[in-house]
Every structure is written in C-alpha cells, then in structure tokens.
Amino acid sequence: MRILLVDDHAVVRRGIRQILADDLSAAEFGEADGTNEALRRVGEADWDIVILDISMPGRGGLDALKDIRGLRPRLPILVLSMHSEDQYAFRAGASGYLTKESPPAALVEAVRRVASGGCHMSAAVADKLAADRPTDDSRPLHESLSDREFQVLRMIAAGKTVKEIGFELHLSEKTISTYRTRVLEKMKMRSNAELTRYAVSAGLVE
C-alpha cells in the first residue's frame, strides 16, 4: 500500500507514519507539507490513499481536496483533522473523516477501509447526518453555500474579523468582504450577529 501523508506539521506526519507502519508493515509512505507539494506528488506517482489535514495555512485542505480530485478522481482521500466531526465531514467530499484525537486503532481501520474502496464514517457523523436530514423539501440555509462561503461563515461566527479571515486564508479583505456579502444574501440575513446566532444554533461552531 502506498500512502501519501499531507500535513504542515512534520511531527504529526511522523506520528501518523509510525502508527500505520506498526500495523501495515509493507506500506510505503510519501509526505507533503502543503497543498502545492501534495499536488506535485499526486501528479508524479500513483498512491493508494492520501491522508489529508484539512486545516493547513495558505491554500488549505478543502482546496487541496478539490484539486486532488481533479487530478485523480478515483484516489481515496481520508481527511484527518483537529476539528470535531462537524459540517466539514459532510461537505469535504472525502472517502473518510477522522479527528486527530481518535485512537491509533481507529486510524488504521479507517485507512484500510478507505484504501480498499470503502468509506469511513464514525457513529458520531452518522448520527449527526441523520439528525440534520430535512424532514420535508427544505434544507438548512448553510447548505446553499459554496465550500469557501461556508468556511467564511464559520470564521465569522467564531468572532474573526474580515482582516483576520483574509490573513488566515491568504485572501484580500475585499475578497473576504465579497464572500461575506454572498453568505448574507444566500442566507437572507443582514448582519454578522444573525450569522453567528444561526451558526451557533445549527452547531456549526463550538
């Protein structure tokens, strides 16, 4: 099995590698510390699975996931994140989602399942999907948002300013303001306060 580890922290990559090597003795590993390096390595070689951190600086995991899918549509991708299993798990489009707090055995199981063509969804994710499923033709307002708009919504609800969001996502303040305007229009709201109340009530922020 050929496994590509994508995480901006070398210590994390080493830890994941050691956990998997203990159980998958024949596995071969490659590493990338960001989106650009990951795309280069995916384009240069065949991998059985990519383990991807969704919270990287610059062009983050969501962008990496989309770009990898564009290069290798059938390549299994397991998202490994520090975030709780929230809406990112539902929107990322990965083959599996696991938090970094998960026990080593869960990581090994998820890798085996995803690499073999299956998907990994924890009981917590399954329960939330069931709870969030609309009972009529309506959908939660945030489901109309693009991935980037959804990301901006969460960051606004977390109390970050346009400047802070732009700095973290490496985008201009003007671009972030445009995303904010789109979010407000799509969700039929008029202020950050309304967005924050909605995000909290919908469980989109901790």
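The values are calculated or read from the model by the stated rules, or taken from the named source; none is laboratory data. All figures in this text were calculated on a predicted structure; none of them were measured in a lab. Quick reminder, even Gly has a Cβ in these numbers, built from the backbone with ideal geometry, and neighbours come from all protein chains shown.
Would you point out the residue of the stretch 174-206, among those that are without any contact (Cβ under 8 Å) to a residue 24 or more places away in the chain and not hydroxyl-bearing (Ser, Thr, Tyr), that is nearest to Phe150 (Cα to Cα)?
Leu184
Checked across the stretch 119-128, the condition of being in contact with a helix residue (DSSP H, G or I) (Cβ under 8 Å, 6 or more places away or on another chain), loosely packed, with under 14 Cβ neighbours inside 10 Å and at pLDDT below 80 holds for at least one residue.
Sub-8 Å Cβ pairs linking a first residue in the stretch 3-30 that is surrounded by fewer than 16 Cβ atoms within 10 Å (Cβ to Cβ) to a second residue that is among the small types (Gly, Ala, Ser), at least 6 apart or interchain, are Ala21/Ala27, ordered by first then second residue. The set of residues in the stretch 188-206 being within 22 Å of the chain's Cα centre (by Cα) and either of a type in the set (S, T, N, Q) or not in a helix (DSSP H, G or I) (or both) consists of Thr196, Ser201, Ala202, Gly203, Leu204, Val205, Glu206.
If you take the residues in the stretch 147-166 that are more than 16 Å from Thr196 (Cα to Cα) and surrounded by 14 or more Cβ atoms within 10 Å (Cβ to Cβ), which one is nearest to the chain's Cα centre (by Cα)?
Only one residue fits best here, namely Asp147.
For the stretch 179-206, a residue qualifies if it is exposed (fewer than 14 other Cβ atoms within 10 Å of the Cβ) and out of contact with any Ser or Thr (no Cβ under 7 Å at 6 or more places or on another chain), and the qualifying residues are Thr181, Glu185, Lys188, Arg190, Ser191, Ala193, Glu194, Arg197, Val200, Ser201, Gly203. A Cβ distance below 9 Å, combined with a sequence gap of six or more or placement on separate chains, defines the contacts here; from the stretch 41-58, residues that are touching a residue at least 40 places away in the same chain (Cβ under 8 Å) and farther than 22 Å from Ile165 by Cβ reach residues that are in a strand (DSSP E or B) and among the basic types (Lys, Arg) in the pairs Ala45/Arg2; Asp46/Arg2; Trp47/Arg2; Asp48/Arg2; Ile49/Arg2.
The set of residues in the stretch 31-55 that are farther than 25 Å from Arg154 by Cα, out of contact with any Lys or Arg (no Cβ under 9 Å at 6 or more places or on another chain) and either surrounded by fewer than 18 Cβ atoms within 10 Å (Cβ to Cβ) or basic (Lys, Arg) (or both) comprises Glu37, Arg40, Arg41, Glu44.
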